[in-house]
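Report on one structure; see the data block that follows.
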Amino acid sequence: MTDTAPVLELRDIHQTYGTGEAAVQALRGIDLSVARGDYVAIMGPSGSGKSTLMNLLGCLDIATEGQYLLGGVDVSELDDRQLAKVRNKQIGFVFQSFNLIARMTALANVELPLIYGGVKRAQRRELALEALDMVGLADRVDHRPQALSGGQQQRVAIARALVTSPTIVLADEPTGNLDSQSTDDVLSILDSLSQAGRTIVVITHEDAVGAHAARVVSIRDGLLVSDQRNRAVGAPVGKVAAA
């Protein structure tokens, strides 16, 4: 894949749940392309289809109709084993509820994707320590989740998302369970990652979170209703893109 090729591309995506009169069209013909290094917020009210879209982008579900190309590969043609490999190596997930394992330290939680990927122990530890340092938690590596604040737990989750050097970081309501200071800390990390060239897609209903993205895509009733650029890719938050 070249630097100019889309990291991900949705082509006329439809997602329908149920059949007959009970059928619900969650997505109705979504077209979306995200370039390498872009920082995109996907926004919409409850029931708009943004959670369904997140599941498709994360290869947690397959569209009823249309194509989803990730790195130029049509994910609908992959089997379960191949999809699991894609989720492990190409997509870094950050969830609202953190999804950390309570009995494991921060370091062990961050190492998990590398264990699943077959990375040897010494390299796992090195990469996990580097990821925790990147999010400012080098002094918390031996702490378990219950000994960390909500903001710190989310930073561990971000480190876990980064540790495999994924193609995209996919964050689903990453500040939904955080106080205002922790929200600022997490958004600052995402901003820094964007400026460093990471490709980030955030699912959110919060305008303040969407304002940090370089581009805001809005969906409603399963339709993409707007696609606006806030600023140039990699530019600091608050700097409007040139006309």
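For the range 8-49, what are the residues that are part of a loop (DSSP other than H, G, I, E, B), over 12 Å from residue 222 (Cα atoms) and not charged (D, E, K, R)? Show your work before the answer.
Residues of the range 8-49 that are part of a loop (DSSP other than H, G, I, E, B), as a first pass: 18-19, 23, 36-38, 44-49.
Keeping just the survivors that are over 12 Å from residue 222 (Cα atoms) gives 18-19, 23, 36-38.
18, 19, 23, 37, listed by residue number.
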Residue within the range 147-156 that is free of Cβ contacts under 8 Å to residues at least 24 places away in the same chain, of a type outside the set (S, T, N, Q) and within 24 Å of residue 97 (Cβ to Cβ) present: yes
Since residue 53 meets every condition but one in (1) in a helix (DSSP H, G or I); (2) among the aliphatic types (A, V, I, L, M); (3) closer than 30 Å to residue 146 by Cβ; (4) touching a residue at least 24 places away in the same chain (Cβ under 8 Å), which condition does it not meet? (3)
Of (1) surrounded by 15 or more Cβ atoms within 10 Å (Cβ to Cβ); (2) within 24 Å of residue 56 (Cα to Cα); (3) within 17 Å of the chain's Cα centre (by Cα); (4) in contact (Cβ under 8 Å) with a residue 40 or more places away in the chain, residue 222 satisfies every one except (3)
Residues (within 19 Å of residue 5 (Cα to Cα), without any contact (Cβ under 8 Å) to a residue 24 or more places away in the chain and loosely packed, with under 15 Cβ neighbours inside 10 Å) located in the range 70-80: 73, 74
Return only the number of the condition from (1) aliphatic (A, V, I, L, M); (2) touching a Cys at 6+ places or on another chain (Cβ under 8 Å); (3) buried (at least 21 other Cβ atoms within 10 Å of the Cβ) that residue 83 does not satisfy. (3)
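Of all the residues that make up the range 61-96, how many are under 30 Å from residue 133 (Cβ atoms) and in contact with a strand residue (DSSP E or B) (Cβ under 9 Å, 6 or more places away or on another chain)? Show your work before the answer.
Keep residues of the range 61-96 that are under 30 Å from residue 133 (Cβ atoms), which gives 70-71, 84-96.
This time we only want the ones that are in contact with a strand residue (DSSP E or B) (Cβ under 9 Å, 6 or more places away or on another chain), so: 70-71, 86-87, 90-96.
Total meeting the criteria: 11.
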Residues being over 16 Å from residue 32 (Cα atoms) and within 13 Å of the chain's Cα centre (by Cα): count how many of those fall in the range 52-88. 3
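Could you list all residues from the range 62-96 that are part of a strand (DSSP E or B), at negative phi and of a type outside the set (Phe, Trp, Tyr)?
Quick first cut of the range 62-96, residues part of a strand (DSSP E or B) only: 65-70, 73-74, 91-95.
Next, only the ones that are at negative phi stay: 65, 67-70, 73-74, 91-95.
Hits for the range 62-96 are 65, 67, 69, 70, 73, 74, 91, 92, 94.
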From the residues in the range 12-51 that are at positive phi and more than 22 Å from the chain's Cα centre (by Cα), which one is surrounded by the fewest Cβ atoms within 10 Å (Cβ to Cβ)? 20
Please find, among 142, 227, the residue that is at negative phi, touching a Ser or Thr at 6+ places or on another chain (Cβ under 8 Å), acidic (Asp, Glu) and part of a loop (DSSP other than H, G, I, E, B). 142
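Each value in this text was obtained by applying a stated rule to the coordinates, not by laboratory testing. Just so it is clear, the structure is predicted and the values come from calculations on it, not from any experiment. Glycine gets a Cβ as well: all are built from the backbone with ideal geometry, and neighbour counts include every protein chain shown.
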